[in-house]
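Below: the structure, in structure tokens.
The values are calculated or read from the model by the stated rules, or taken from the named source; none is laboratory data. These figures come from a predicted structure and were not determined experimentally. Reconstructed Cβ throughout: ideal geometry from the backbone, glycine too, with neighbour counts over all protein chains shown.
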Amino acid sequence: MRKVKTQVAIIGAGPSGLLLGQLLTRCGIENVIVERVSGEYVLGRIRAGILEQGFVELAREAGAAERLDQEGAVHEGFSIAQGDRVHRIDLKALTGGDVVVCYGQVEVTRDLMGLRADAGAMTFYQAEDAMIYEPLSSSPRVKFRHEGEELELACDFIAGCDGFHGISRQVIPASTRTEHERVYPFGWLGVLSETPPVDDEIMYCKSQRGFALASMRSSTRSRYYLQVPMDEKVEDWSDTLFWAELRRRLPKVAVEQLVTGPSIEKSIAPLRSFVCEEMRYGNLFLVGDAAHIVPPTGAKGLNLAASDVATLYRVLRMVYEEGDRSGLARYNEVALRRVWHGERFSWWMTNMLHDYGDMAVDGMAGSTFSRFMQSQLDYYLGSEHGQRVIAEQYVGLPYEQI
Ligand code: APR
Ligand code: PHB
């Protein structure tokens, strides 16, 4: 068995693992990433791309924002449509200057991969059967197989950045973790197309036929989503059907601008709220999707991953640069506080904008629940205070200092 030693072992080369790795490498903290699939596979996963200011600043601190700063589109607002009525949430005005940046997660990942390769930091792609040993000890280990060889990675700390289906969370005994979960009775059918977007800002659309989202990746590439029943099959949705249904759900002003074309990606994603408490087990720290999932309404998934990364990065710098280990015990509390705010916001936005039909929710008929949510949306959109509540959370609550 080949033995490798490092300071921080990172499991998973998604945005969480790569961003943490880059930040640590920049300040001289040695780290090794162990990833189950290939780099190309990681880059093939289409995800959202709305970045909070906190994310952008962290990427700058990581030296990973060069292309993001050049190519990312600053969005000073977004819209919520109710039928044909469009309400613009003026993020900049309502928050006193804050905005979000539209830059695809795939691009963030690509940039971070490039920097890691340039820095010569060690990454094992296509690593099989990764297992964590002795997370409670001062010398935890990760064992895995790579190109037929058995490896043992000895480290001081393990960052479990291996997403919702990873192994890290399972290492925490069931008796010391509580999992909170809500699975929504619908999914999002997404289409990517090489067509100009209907607007230069994102539009969340509540319609009688269900929710739709008009988003983009660039001025020539659009991303659209439709709320669909959770058991829907992507094969049953031809491009023609998709565009026809989208037309029925977008407000008139958007339909007038809609340019359709062949889809270059089409997939259905389930909607789930999930939080694992605790996010720390000895010297194992869960980061990003490994610990929590949000429904995509509100675009918080990647941004919550980034705030975990920011917190763990500070904690590890305190350990290695100042010999101060007090932050280790605070990671869980600090990370979870912000995670819950993102969870609540995403759950709230999902409930307000989706149609529950006749499905029972919270002990009442879906139609009754939807009526409450309709009233809630009317109230928040009709009040400047209400709009400010939406805006403040959409741009991202501040990171807590540790
Ligand atoms: N061993 C090694 N790597 C693993 C294992 C394993 N057993 N299991 C999973 N992984 C890898 C996956 O292949 C994936 O590349 O961990 C990575 C996790 O990446 P993501 O799922 O992208 O999670 P994260 O980096 O936390 O990013 C959060 O991604 O899912 C979106 O909405 C989410 O935008 C948010 C962001
Ligand atoms: C996307 O562009 O994929 C996107 C944007 C905003 C969301 C979710 C997804 O809330």
Out of all the residues in the stretch 230-247, which are within 27 Å of the chain's Cα centre (by Cα) and among the charged types (D, E, K, R)? Asp231, Glu232, Lys233, Glu235, Asp239, Glu245
Condition first: exposed (fewer than 15 other Cβ atoms within 10 Å of the Cβ), within 14 Å of ligand 1 (Cβ to nearest atom) and closer than 23 Å to Tyr204 by Cα. Can you find one or more residues in the stretch 19-39 that meet it? no
Scan the stretch 93-117 and report the pairs whose first residue is polar (S, T, N, Q) and whose second residue is assigned to a loop (DSSP other than H, G, I, E, B), with Cβ atoms within less than 8 Å and a gap of 6+ or a chain change. Thr95/Val395; Gln105/Arg47; Gln105/Ala48; Gln105/Gly49; Thr109/Gly14
Answer yes or no as to whether Val275 is in contact with a His (Cβ under 6 Å, 6 or more places away or on another chain) and closer than 23 Å to Gly17 by Cα. yes
Tyr204 fails exactly one of (1) away from ligand 2 (no atom under 16 Å from the Cβ); (2) over 24 Å from Val37 (Cβ atoms); (3) in contact with a strand residue (DSSP E or B) (Cβ under 8 Å, 6 or more places away or on another chain), namely (1)
For the stretch 53-61, does any single residue satisfy the condition of being among the aromatic types (Phe, Trp, Tyr) and free of Cβ contacts under 8 Å to residues at least 24 places away in the same chain? no
Search the stretch 344-365 for residues that are in a loop (DSSP other than H, G, I, E, B) and pair each with any residue that is charged (D, E, K, R) when their beta-carbon atoms are under 9 Å apart and the residues are at least 6 apart or on different chains. His354/Lys206; Asp355/Lys206; Asp355/Arg209; Ala365/Asp358
Filter the stretch 1-43 down to residues that are under 16 Å from the mean Cα position of the chain (by Cα) and assigned to a loop (DSSP other than H, G, I, E, B) and give me whichever is nearest to Glu107 (Cα to Cα). Gly14
Among the numbered criteria (1) within 16 Å of ligand 1 (Cβ to nearest atom); (2) within 23 Å of Thr176 (Cβ to Cβ); (3) in contact (Cβ under 8 Å) with a residue 60 or more places away in the chain, which single criterion is violated by Val315? (1)
Pull up the stretch 281-311, narrow it to residues that are near ligand 1 (Cβ under 9 Å from one of its atoms), in a loop (DSSP other than H, G, I, E, B) and among the β-branched types (Val, Ile, Thr), then point me to the one that is surrounded by the most Cβ atoms within 10 Å (Cβ to Cβ). Val287
Residues being buried (at least 18 other Cβ atoms within 10 Å of the Cβ) and either among the acidic types (Asp, Glu) or in a strand (DSSP E or B) (or both): count how many of those fall in the stretch 213-237. 12
Could you tell me whether Val101 is modelled with pLDDT of 95 or more, within 16 Å of ligand 1 (Cβ to nearest atom), in a strand (DSSP E or B) and crowded, with 16+ Cβ neighbours inside 10 Å? yes
Between Ala81, Ala48, which is of a type outside the set (Lys, Arg), surrounded by 15 or more Cβ atoms within 10 Å (Cβ to Cβ), within 16 Å of ligand 2 (Cβ to nearest atom) and assigned to a strand (DSSP E or B)? Ala81
Residue that is farthest from Ile50 (Cα to Cα) [pool: residues in the stretch 172-193 that are surrounded by fewer than 16 Cβ atoms within 10 Å (Cβ to Cβ) and touching a strand residue (DSSP E or B) at 6+ places or on another chain (Cβ under 6 Å)]: Thr178
